[in-house]
Ligand code: SF4
């Protein structure tokens, strides 16, 4: 939305960030699935260059900053900063071991800062209005605003930009209007496909990073997906492992192999094959992935799985129907 509706906010934020760290070259890494954003960004960059707001000797300041868009093929893992750098260098999006941090050895071996669009787009406002004006939004250590994306089984889906601190229930009811189906809401996944599923008992949690961490959940990029009472949470747990199988970069064993074994173990649980033993195995596997994965992909896949084990255990203990047995 930022890139398509107000690309100059991002260009200005990146230029300020570049000048602040002494960088002369910036890259916007964009997934190829966003051709409209690509076109609008390129037009905005051309206009900024023509107005000497980018390029050599910006506005006679003696400062130089070049900015270009690079397209990625759409791998989820290329949102992780080091595989993003690999992809920018024209290689497969494989996660790099840290240290060294990208700030020391980053793109093409140069010191590099990597930030998301929302952080960089917030910079012009902070510089224009002052840090206090920005900090007036939000609560605790979560300051400013976040655009929440309401999706799934929700009456009024879409993007709502709010200051941190509202409760999840207020977001779901006041802005989302409840489920689209009109049936009772049962589970809400927050923070993207690797976010935990929250049961109703947790919906009064304030939408800020610290409060979510306290209930073993993540706010992430603010994605919120609602499910009504027809959802089968065992299949949602399976989906998390399946997603990891598809999107894992394959560098480390707990994620690459663990996710495949995770799908198999969940299938055995659902089919009532040594259910108790396999539940214990699934818990162990989740702990191994959390502790042993190189990056957040493998480290966070267990979040949705564990939330199903802890908050929706009845869906893993369902009697086997004839359909399932076959
Ligand atoms: S956790 Fe997964 S995505 Fe991350 S480095 Fe290991 S294999 Fe790659």
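Coordinate-derived values only; no laboratory data. Owing to the predicted nature of the structure, the values given are computational and were not obtained by experimental measurement. Because the Cβ atoms are built from the backbone with ideal geometry, glycine has one as well, and the counts that use them run over all protein chains shown.
Which FRET efficiency value, to the nearest 0.05, do you get for residue 156 and residue 36 by plugging their Cβ-Cβ distance into 1/(1 + (r/R0)^6) with R0 = 22 Å?
So the FRET efficiency works out to roughly 0.40.
Using only Cα atoms, figure out Rg for the range 2-131 and give it as a multiple of 2.2 N^0.38 Å.
1.05
Give the average over all directions of the projected area of the C-alpha convex hull of the range 233-325, one decimal, in nm².
Values: hull surface 21.3 nm².
Over all viewing directions, the range 233-325 projects a mean Cα-hull area of 5.3 nm².
Could you tell me whether the range 175-308 comes out rounded, prolate or oblate from its Cα gyration tensor? Rule is a ≥ b ≥ c as square roots of the eigenvalues, rounded for a/c under 1.5, then prolate if a/b exceeds b/c, otherwise oblate. Kindly include the intermediate steps, with their values, before the conclusion.
Working: a/c = 2.00, a/b = 1.37, b/c = 1.46.
Since a/c reaches 1.5 but b/c is at least a/b, the shape of the range 175-308 is classed as oblate.
Could you tell me the relative contact order of the range 2-131? Use alpha-carbon pairs under 8 Å, at least six residues apart, and round to a whole percent.
Contact order relative to length: 26 percent.
First obtain the Kirkwood hydrodynamic radius of the range 138-228 from its Cα pairs, then insert it into the Stokes-Einstein equation at 20 °C and 1.002 mPa s, and state the resulting D in µm² per second as a whole number. Each step should come with its number before you reach the end.
On the way: Rh = 12.6 Å.
Once the numbers are plugged in, D ends up at 170 µm²/s.
Shape of the range 268-321 from its Cα gyration tensor (a ≥ b ≥ c, root eigenvalues): rounded if a/c is under 1.5, otherwise prolate when a/b > b/c, or oblate?
Note, shape of the range 268-321 comes out prolate.
Rounded, prolate or oblate, given the Cα gyration tensor of the chain, with a/c below 1.5 counting as rounded?
Note, shape of the chain comes out prolate.
Counting only Cα atoms, I'd like the Rg/Rh figure for the range 81-185, Kirkwood definition for Rh.
Answer for the range 81-185: 1.13.
Per DSSP H run of n ≥ 4, the term is -39500 (n - 2.57); total these for the chain, divide by its residue number, and report the mean residue ellipticity at 222 nm rounded to 500 deg cm²/dmol.
Counting only the DSSP helices, I get -12500 deg cm²/dmol.
Which whole-number percent is the relative contact order of the chain (Cα, under 8 Å, 6+ apart)?
In percent, rounded to a whole number, it is 12.
For the chain, modelled as a Gaussian network with Cα springs under 10 Å, which listed residue fluctuates most, 152, 192, 182?
The residue with the greatest mean-square fluctuation here is 182.
Please tell me the relative contact order of the range 138-228 in percent, rounded to the nearest whole number, where contacts are Cα pairs under 8 Å and at least six residues apart.
In percent, rounded to a whole number, it is 36.
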